[in-house]
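Structure, as structure tokens:
The values are calculated or read from the model by the stated rules, or taken from the named source; none is laboratory data. If you're wondering where the values come from, they're calculated on a predicted model, not measured in any experiment. Quick reminder, even Gly has a Cβ in these numbers, built from the backbone with ideal geometry, and neighbours come from all protein chains shown.
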Amino acid sequence: MTSTIQLLQSHPFLLGLALRLSLLFLLPLLLDDNPLLRGVRYTDIDYDVFTDAAFHVADGRSPYERHTYRYTPFLASLLIGTLLSAKYFGKILFCVADAICGYIIVVLRKQRRRRISEEDDDERQYKQNNNNNVSGWRRLLDISPGLKDSLWWLYNPLPINICTRGSAESLVVLLPVLATSSWRLRRWGTTIPIIARACLAGIMHGVGIHAKLYPVIYTISFMAYFSHWNNNNNNNNEYKLLLTMLPNELQTYQRRDGLILFLVFTVGTVGALTHAAVHFHGREALEEGLLYHFQRVDHRHNYSMYWYWIYLARGRSYANANELSAVASPSSSIWGHLPLIPQVLILGFSSLGIAPYDLTFALFCQTFAFVAFNKVMTAQYFTWYLCLLPLCSDRIKWNSRRMAFSLGLLAISIIAWLLSAFSLEMLGWRSHRQVWLASLFFFVANVNLLTSILDGYKHEQIARAKTRPGEGWSKPKAKVT
């Protein structure tokens, strides 16, 4: 057992990548077109869409000639290597990106642990006393930090399943992680100017928005974090010494315009990529690759509590042969905008109240709420916030009874949804309402889990701001008598 744990910790990136590549070849071989499990196909249908679009690009045509291709055209160009191996090239690329994402998570978690280990003695003593109070079965879950870092993503079954099935979500989630890590370059033992960090973060953020659009909700959080960090470091002697070594013009940029540079590079990157897409592939690239996602509604494989409403609206549209009157009616339009209210409230609270002091936790809360309240929610969407959770998990109280109840409730809701969906799609039962009730149950479980996370974070962490922004909040030190 010990040797196995040591092996898993020794080379997490290589082992995680090897695990993905092995399953990439094995599982499709066993499940795709398997007569023993009719109707079950391991490879994601979207992978066929990607590869077909890549063939169109290779032939000098638009990727949007492939029906249902609604992604950036550069994804099809990136997968042009499918000409060599349509069955595996794209999946290998997605697995490599997923393993890189996991390795970045491991590195960032190690760096944070190293920083925490440098805290003063009384705070370490406080944490040690808290750890000593944990007893019983909870001690059995106490695994080594190195293995825990890898379990969050590199050895996590969900992202492994997503990338080996041929979903491009591994590329999508890598971009926000890269944007977040670019803000942390100052912790890598190098002196990197604010301008460089702002530009790099803006580029990564812009590419992420162009690729999937949803990272746009992070913009205010990035701005709030950068502004707070910049203001805090203006009072730092080492920072002032660094500024004196720069020309006056650069000093002004460093103090005030780093935030502007971030916005300029974000908007510039999004604009440049979108312009290039429209230039090479026509207005269809804008309509299908970007604007479509503002109004996307899909009831298939949708965990959202709104899926039944979407299903009935689609049915009315077919019955009336008038999709506009059925789907875009005033009543449906009002209901369609209701999910935006809690999303906007949580976005504002986390962006202005949490992000200046704890960027990763704010991004996690925003993404979790965005996915939970969204009208479309597939299994791939879960990876949007799971890639951020390891970066803030140490600020969340996991060993409380309320958290255990919330996680258990979430697990039960997932099982209930899968069973009802299986009866509908695989067995052909008329269980639409059961699936809808399971979706409502799943939504309640998600909201309950988010409140548990916020409650644990508030009581354990939001007691005093740390002197260095972006590091979260910490419990007040016990007074030494």
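Laid out as a table, the results:
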read-out	value
Filtered residue count, segment 72-108, keeping only those that are closer than 17 Å to Leu19 by Cα and under 19 Å from the mean Cα position of the chain (by Cα)	12
Residues satisfying the stated conditions in segment 402-432, i.e. of a type in the set (Lys, Arg) and at pLDDT 90 or above	Arg402
Odd one out for Arg20 among (1) modelled with pLDDT of 90 or more; (2) more than 30 Å from Glu425 (Cβ to Cβ)	(2)
Any hit, segment 190-204, residues being outside any loop (DSSP other than H, G, I, E, B), under 21 Å from Leu389 (Cβ atoms) and modelled with pLDDT of 90 or more	yes
Residue list for segment 386-401, filter: part of a helix (DSSP H, G or I), modelled with pLDDT of 95 or more and either closer than 9 Å to Val173 by Cβ or among the charged types (D, E, K, R) (or both)	Leu386
Residues satisfying the stated conditions in segment 353-378, i.e. in a helix (DSSP H, G or I) and out of contact with any helix residue (DSSP H, G or I) (no Cβ under 7 Å at 6 or more places or on another chain)	Gly353
Filter result for Leu36 (of a type in the set (A, V, I, L, M) and at pLDDT 90 or above)	no
Considering residues of segment 51-66 that are of a type in the set (A, V, I, L, M) and closer than 23 Å to Thr164 by Cβ only, the residue surrounded by the most Cβ atoms within 10 Å (Cβ to Cβ)	Ala53
Scope segment 67-111; condition more than 16 Å from Leu171 (Cα to Cα) and buried (at least 20 other Cβ atoms within 10 Å of the Cβ); matching residues	Tyr69, Thr82, Val106, Arg109
Helices (runs of 4 or more DSSP H) fully within segment 130-182 counting 1 or more residues that are hydrophobic (A, V, I, L, M, F, W, C), modelled with pLDDT of 90 or more and on the phi < 0 side of the Ramachandran plot	145-151, 157-164
